[in-house]
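Where a number appears in this text, it was derived from the coordinates with a stated rule and is not lab data. This structure is a prediction, so every number in the text was calculated from the model and none was measured. Here the Cβ is made from the backbone with ideal geometry for all residues, glycine too, and neighbour counts use every protein chain on show.
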Amino acid sequence: MKPRAKPQKLPIFIVLLFMLAVVLTILHGMPDEAGAPHAADENGSPPAQTGSPGSPGSPGPTDASEAPGATDPTRTPEVPGANGEVESDAPSYIDPDELRPIVVYPGPDETDEEEYEPLTLRMERSDIGKGNLMLINYDIVYQIPKTQDLVLINDYKTSTYEAADDAMELSISIMRPLNAMMDAFYEETGIRNVTIASAYRDYYRQQTILDDYAKRMGRAAALKWAALPGYSEHHSGLAVDLGLHIGDKKDATFTGEGSYAWFARNSYKYGFILRYPENKTDITRTVNETWHFRYVGELHAYLIKQKGWCLEEYIEYLGGFTPEATLKVEFGSEIYEIYHTTSMVITLPSGCDYEISGNNIDGFIVTFSQSFEKPANSSEPEMQ
Ligand SMILES: [Zn+2]
């Protein structure tokens, strides 16, 4: 990023020039020039609004197109002049020191940090049921939205894995990380027979699966294998069951053994967690599903992996952090802050990357990082 200019003494005609530029910009709807926080999920994904931890990038009520700070009328127009100096022809009755730059919206580039206005987002109650960190389990129902960002896996997948049937769908927001994970597994092992055995399910599909289990083992046992309709992560499009292709259109159970243990070890790097680990069945109330992986985003998957927790434990843990006392985490080259809130109004530092996900319980998990760079040693003397 560029160091911030401090246009304190602008000749009046320059001020007029860029005021004209503002008007023209508004009239012609000029395209964004950056500035907009990586707010949006180009996927129009269901849920979460992402700025970018690990670079998800999601949408939400705020979308890059709404994000302020787009055009930048505070940029000084170029005026020819000797040595880049601009001649002052401001009338003498105006004290140039009183000419303040017009701050249209906090743009990370050209205003002083102290002048940044916070970014305020107003959430809807339905947003609580959207986002990568939704908790959906035996106890917490998922209100399946009328519209979801589902795509056919076969339209987006890479060649290193297969979907068990052509009609399978997932949230478009997880296709990129899923492809990355599958490609990495193939590159490291040379194995290419992993399939997606189950992906998005609607309410009726879940009912059918549960009924099948119930016929075989009775309803009580069946519920440890398949959730009640409405209580399955598969409704979100953020979960996959892996399988193994063994020829003749047959798939075997993905046990996660041998070379396939790679997934349980490495999925977090791609934002996926093994959702129902063997040592957490008392909390998840779901059998050790060695095949079920759930997308939560890279930063959160990393923290869950590091803690050795299941998603229930992680969401409970985050509930202890507030806007005033955030969880601070170093991840990659960024410091992220994470907190839980039940407020429908969320305020963030302007210019930050952020992700807001409903927890599907009572509010939101907010994740952000102050992504803009400070001017390099602006107050330091120059190196000789
Ligand atoms: Zn599953």
In terms of the Cα gyration tensor, with a ≥ b ≥ c the square roots of its eigenvalues, is segment 230-384 rounded because a/c is under 1.5, prolate because a/b exceeds b/c, or oblate? prolate
What does the extension gain come out to for I191 and E124, with contour length at 0.36 nm per residue minus their alpha carbon separation? 19.7 nm
Work out how much length T158 to Y317 would gain on full extension: take 0.36 nm times their residue separation and subtract the Cα-Cα distance, in nm to one decimal. 53.7 nm
Calculate the spin-label point distance for A220 paired with Y203, positioning each point 7 Å from the Cα along the beta-carbon direction, and give it in nanometres. 2.8 nm
Which links in K146/K328; K157/K269; K157/K215; K146/K249; K157/K305; K130/K157 stretch past 29 Å when you go from one Cα to the other? K146/K328; K157/K215; K146/K249
With a Förster radius of 25 Å, plug the Cβ-Cβ distance of D183 and I335 into 1/(1 + (r/R0)^6) and report the FRET value to the nearest 0.05. 0.25
Expected output is a single nm value to one decimal: the length gained when fully extending between L150 and T347, i.e. 0.36 nm times separation in residues minus the C-alpha distance. What is it? 67.9 nm
Assuming 0.890 mPa s and 25 °C, estimate D for segment 140-295 with Stokes-Einstein, Rh taken as the Kirkwood radius over Cα pairs, in µm²/s. 154 µm²/s
Tell me, D165, D251, D362, D353 in order of fewest to most beta-carbon neighbours within 10 Å? D362, D165, D251, D353
So how do 313-320, 154-161, 238-245 stack up, highest first, on mean other-Cβ count within 10 Å? 238-245, 313-320, 154-161
What FRET efficiency do you get for L327 and K249 if R0 is 41 Å and r is their Cβ-Cβ distance, rounded to the nearest 0.05? 0.30
